[in-house]
Amino acid sequence: MSVSVLIVDDEFLTRNMLSIMLAQYGHQVIEAEDGIEALEMLQQNRPDIILMDLMMPRCDGITATKSIRKNNNLTDLPIIFLSAKTDSVTIQAGLDAGANRFLTKPVSYGDLVRNIQEVLVN
């Protein structure tokens, strides 16, 4: 199953590694450097799922996710947070903002692909 994935992360190497890995699974990938760029992209294209970094300049993942959830056309768009922050307060804040899942970096590719599939099925 080919899935379109929007990767939102300010670190080029992270976006590049995730893009390469997801392309190997046959997924189509688009990239944004931060939440503002992601929100702009979402005005024109709707991916099947978003992989969202938490800490980014200009617009962090929580702020971007809250904005996405306010858009009636995007309330059901699956979002998986990827973050190096693993404390329970941060994880709960991400889920409260509207994320479907919260995975910690570095994420194993097997776990990521499994979570993408699970979120898309539900």
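No value in this document is a laboratory result; all are computed from the given coordinates. Everything quoted here is computed from the prediction, not taken from an experiment. Cβ: placed from backbone, ideal geometry, glycine included. Neighbour counts: every protein chain shown.
Details
- Environment charge at ASP111 (Cβ cut-off 15 Å; Lys +1, Arg +1, Asp -1, Glu -1): +2
- Vicinal HN-Hα couplings computed from phi for the stretch 36-49 (Karplus, 6.51 cos²θ - 1.76 cosθ + 1.60; Hz; Gly/Pro x): 5, 4, 5, 4, 5, 5, 5, 6, 10, 10, 10, x, 7, 7
- Nearest-20 debye value, the stretch 4-107 charge dipole, Cβ charges on Lys, Arg, Asp, Glu: 280 debye
- The amide H of PHE81, built 1.01 Å from its N in the peptide plane, has MET52, ASN100, ARG101, PHE102, LEU103 as neighbours under 5 Å, considering only residues 5 or more places off or on other chains.
- Scalar couplings 3J(HN,Hα) for the stretch 68-78, obtained by applying the Karplus form with A = 6.51, B = -1.76, C = 1.60 to θ = phi - 60°, are 4, 5, 6, 7, 4, 7, 10, 4, 9, 5, x Hz; x denotes Gly and Pro.
- Percent RCO, i.e. relative contact order, over the chain, from Cα pairs under 8 Å lying at least 6 residues apart: 22 percent
- Phi-based couplings in Hz for the stretch 99-104 (Karplus 6.51, -1.76, 1.60; Gly and Pro marked x): 5, 7, 9, 9, 10, 8
- Long-range amide H partners of VAL29 with built H, under 5 Å: VAL5
- Kirkwood radius and radius of gyration were both taken over the C-alpha atoms of the chain, and their ratio Rg/Rh is 0.92.
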